[in-house]
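Everything on this sheet refers to the single structure shown next.
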């Protein structure tokens, strides 16, 4: 009986060590935290100061042997907004890692000539935050995606120098397609 108890205790220790090793490997791979983004998603925009109502699609997919995660959005299928809102908007977001062991970063481009550099964080298993550096002369930007059940929610926000509060420019949500 002592041998069976000792073997059982050894098995528990081995299983615990192997699960700790797997968990450590997951922490060492920042890409795993972004897997919830993969796929094509509907974007139904209705909130934010842009005053636009639109619907369209965007897709997250790994490229270059999973060294880059890209998000591509197309011009909205339907769009109503103020005259200054670009209903022909399209953009690209590339998420990358400068070197192994370094934090993820992202760069954003759109058809209006905007370029935004982001630091990437994943505060929980279904949320990613893209945060630009603060600037003394212009706005700081925050792009967020959060999946709740089968719906992805997104926000593009900004705040001006000296302000504490983030203001949403555009908010959207939609299901995987």
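Annotations for the structure displayed:
- Residue 76 passes every criterion in (1) modelled with pLDDT under 95; (2) part of a loop (DSSP other than H, G, I, E, B); (3) surrounded by fewer than 16 Cβ atoms within 10 Å (Cβ to Cβ) apart from (3).
- None of 145, 153, 169, 108 is assigned to a strand (DSSP E or B) and more than 16 Å from the chain's Cα centre (by Cα) except 169.
- Across segment 32-57, the qualifying residues are those that are modelled with pLDDT of 95 or more, in contact with a strand residue (DSSP E or B) (Cβ under 7 Å, 6 or more places away or on another chain) and not in a strand (DSSP E or B), and the one among them that is surrounded by the fewest Cβ atoms within 10 Å (Cβ to Cβ) is 38.
- Checking residue 92 against (1) assigned to a strand (DSSP E or B); (2) in contact with a helix residue (DSSP H, G or I) (Cβ under 7 Å, 6 or more places away or on another chain); (3) surrounded by fewer than 16 Cβ atoms within 10 Å (Cβ to Cβ), the condition it does not meet: (2)
- Against the list (1) touching a strand residue (DSSP E or B) at 6+ places or on another chain (Cβ under 7 Å); (2) closer than 22 Å to residue 46 by Cα; (3) loosely packed, with under 14 Cβ neighbours inside 10 Å; (4) free of Cβ contacts under 8 Å to residues at least 40 places away in the same chain, the condition residue 144 fails is (3).
- Scanning segment 111-122 for residues that are in a loop (DSSP other than H, G, I, E, B) and surrounded by 12 or more Cβ atoms within 10 Å (Cβ to Cβ) yields one hit, 111.
- Residue match in segment 20-27 (condition: more than 23 Å from residue 149 (Cβ to Cβ), crowded, with 16+ Cβ neighbours inside 10 Å and either in contact with a strand residue (DSSP E or B) (Cβ under 8 Å, 6 or more places away or on another chain) or at pLDDT below 90 (or both)): no
The values are calculated or read from the model by the stated rules, or taken from the named source; none is laboratory data. Computed from a prediction, not measured in an experiment: that's the story for all the values here. Neighbour counts run over all protein chains shown; Cβ positions are idealised from the backbone, glycine included.
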